[in-house]
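Shown next, in structure tokens, is the structure this report addresses.
The values are calculated or read from the model by the stated rules, or taken from the named source; none is laboratory data. Predicted model, so just to flag it, every value in this text is computed and none were measured. Cβ placement follows ideal geometry from the backbone for every residue including glycine, while neighbour counts extend to all protein chains displayed. The protein model used for the area step is the full one, side chains on, heavy atoms only, and it has no ligands, DNA or RNA in it. Shrake-Rupley method; radii C 1.70, N 1.55, O 1.52, S 1.80 Å.
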Amino acid sequence: MVSRVIPVAPFDLVIFGGTGDLARRKILPGLFRRFCAGQMPPDARVVGAARSDMSAEDYRRMVRDAIGEFNSDTSYKAADLDAFLARLEYVTIDAKGEAGWSELQKLMAGEGRVEAYYFSVSPSLFGDLAERLHKWGMADAQARIVVEKPFGRDLATACALNATLAEHFDEHQIYRIDHYLGKETVQNLMAVRFGNMLFEPLWNAQYVDHIQITVAETVGVGGRGEYYDKSGAMRDMVQNHLMQLLCLIAMEPPARFDPDAVRDEKLKVIRALDPVLPHHISRGQYQAEACNEAEMPGYRTAVGDAKTRTESFVALKTHISNWRWAGTPFYLRTGKRMAARSSEITVVFKETPHSIFSEEAGRHRNVLSIRLQPNEGITLGVTIKEPGPGGMRLIDVPLDMSFAEALGDDTDHVDAYERLIMDVIRGNQTLFMRGDEVEAAWAWTDPIIQGWEARNDVPKPYDSGSDGPTDSAELMRRDGREWRKVSP
Ligand code: BG6
């Protein structure tokens, strides 16, 4: 199935941090794929802006190498790459000083084009960049800024950041990225829920026993130890990515698929979340791979701190206190170095209120599982009669739909970043977090982290390649439930 590509309006995109890791791995290869797909107009321009002193030619060479290294699809034509590189400019810029700003201003002088500024730099520079864009006359009503996570490290810093950006830009000009919202299957959550009559009537506490959200990774912290050890899984994954998944699965149907209608509903979910009790949380740190310590170090070795108490795994139970969900627990779990890379949302329905069959037939529940990555798809466990002459015995069989099989090969080639950047140019904020949403998510997260700090909580060790520490399984067992196995 070939998707329709509608070119966006002519634009100038400035990438602050244009030589950095994110730009080389994701942003520039993503833009190149959109260029090849015909979505980036031929006269669009991309301006790398960074501290390094280099010419536009040097920059094009660097981007050529980055695309060679990080573009998963190598079937592009050399002429397309040359044409894309010709759209690139470079400015050496000092985010905290004045150098380079007048050159950038001259480059951005084109009339009637979309102007977007991507802050792919440390959040400590967001304020400086916003201020200088304003001072040099580039923060006009047409301008958009794109900001990366982490958006604050607690409620206070997030509020301060929002206030700083608000001095120079209106909320409708600020695009806060959570790349999970750019994933095809994450958007599919909304299509599945609100495009089908089948699910919505059952989507509430009367029919749903509980919901599990798992984002399991096999990678460790790798070379990001310094950043990660200051964050931990709660700040790095739960406050943003898992929170967004929770919102999409639990929110009320918005009246329209437009940015504020969707974000209003998400915000209501976050504000209705109960505080998490200490005994409803499991917190872990991965251990070295038993047979292979040199290559697979444990968390503490990886971050170079033998005493660190930062968690690489969190599982928790929470409730949403509203009419739809009162009494239905939501279990969230994420961790590094787990048994498999697997992101999945599982909706476990209640048993039928009464069984017409004998006890031996057994009682079963429908389980709807939405696989976000990898092997994207949906499975619905349906109860049927076990075939054969053995009387009426019930078994579960999966109605299994793999998106790749159902839709063909074309489905997963649009990376989250390229989709989100095109949305910035189109001026569509639906898949970006609004300031109040981010603040509400921190308001829920802060007491959990503060509780750990006050208690000097030490995360429980877990084996690399496992499903996390044993008290994560215990969290479920106490409620008479169990986690879905983490499997690829
Ligand atoms: C990032 C986190 O936001 O998301 C990383 O900082 C994590 O720690 C990554 O590995 C996971 O993203 P994905 O797209 O690989 O699931």
Using protein chains only and a probe of 1.4 angstrom, how many square angstrom of LYS317 are accessible, to the nearest 10? 20 Å²
Using the heavy atoms of the protein chains alone and a 1.4 angstrom probe, what is the accessible area of the chain per residue in square angstrom? 45 Å²
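How would the range 355-460 be classified by its alpha-carbon gyration tensor: rounded, prolate or oblate, with rounded meaning a/c under 1.5 and the a/b versus b/c comparison settling the rest? All intermediate terms of the calculation are to be shown ahead of the outcome.
Details: a/c = 3.25, a/b = 1.46, b/c = 2.22.
Since a/c reaches 1.5 but b/c is at least a/b, the shape of the range 355-460 is classed as oblate.
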Gain in length, ARG309 to ALA99, computed as 0.36 nm per residue apart minus the alpha-carbon separation, to one decimal in nm? 71.5 nm
re the range 280-357: pairs of Cα atoms spaced beyond 21 Å account for a percent value of 51 percent
Using only the alpha carbon atoms of the chain, find the Kirkwood hydrodynamic radius as the inverse mean reciprocal pair distance, in angstroms to one decimal. 24.3 Å
Report, in deg cm²/dmol and to the nearest 500, the calculated mean residue ellipticity at 222 nm for the chain, where each DSSP H run with n ≥ 4 adds -39500 (n - 2.57) and the sum is divided by the residue count. -9500 deg cm²/dmol
Given the candidates PHE16, SER75, SER358, the one whose Cα lies deepest towards the positive end of the charge dipole of the chain, counting +1 at each Lys or Arg C-beta and -1 at each Asp or Glu C-beta, is SER358
Shape call, the range 12-68: gyration tensor on alpha carbons, a/c limit 1.5: prolate
With label points built 7 Å along Cα→Cβ from the Cα atoms of ASP82 and THR470, find their separation and express it in nm. 6.5 nm
Applying a 10 Å radius around every beta-carbon, put 442-454, 62-74 in order of their mean neighbour count, most first. 442-454, 62-74
Please report, in cubic angstrom per residue, the volume enclosed by the convex hull of the alpha-carbon atoms of the range 77-164. 126 Å³
Points 7 angstrom from Cα along the Cβ direction at ILE395 and GLN450: gap in nanometres? 5.4 nm
Given q = 0.11, 0.13, 0.15, 0.21 Å⁻¹, what are the Debye log10 I(q)/I(0) values for the range 127-278, with equal point scatterers placed on the Cα positions and solvent ignored? -0.57, -0.78, -1.00, -1.47
Ranked output for segments 172-185, 238-251 by mean other Cβ atoms within 10 Å, highest leading, reads 238-251, 172-185
Could you give the nm distance between label points at HIS172 and GLU482, where each point is 7 Å from its Cα heading toward the beta carbon? 5.3 nm
Using 0.36 nm per residue of separation minus the Cα-Cα distance, give me the extension gain between ARG51 and SER124 in nm, one decimal. 24.8 nm
For the range 407-488, rounded, prolate or oblate, judged on the Cα gyration tensor with a ≥ b ≥ c (square roots of eigenvalues), a/c < 1.5 rounded, else prolate if a/b > b/c? oblate
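Given the pairs LYS26/LYS230; LYS77/LYS106; LYS96/LYS336; LYS26/LYS485; LYS149/LYS317, which are separated by over 27 angstrom at their Cα positions? Present the calculation step by step, with values, prior to reporting the outcome.
On the way: LYS26/LYS230 24 Å; LYS77/LYS106 32 Å; LYS96/LYS336 35 Å; LYS26/LYS485 31 Å; LYS149/LYS317 25 Å.
LYS77/LYS106; LYS96/LYS336; LYS26/LYS485, as the Cα separations exceed 27 Å there.
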Can you tell me the alpha carbon radius of gyration of the range 1-134 divided by the globular rule-of-thumb value 2.2 N^0.38 Å? 1.05
Those helices of the chain passing the 24 Å axial Cα length cut-off and the mean Kyte-Doolittle cut-off of -1.0 (DSSP H runs only) are 435-455
For ALA255 and PHE357 in the same chain, what is the full-extension length gain: residue separation times 0.36 nm, less their Cα-Cα distance, in nm? 32.5 nm
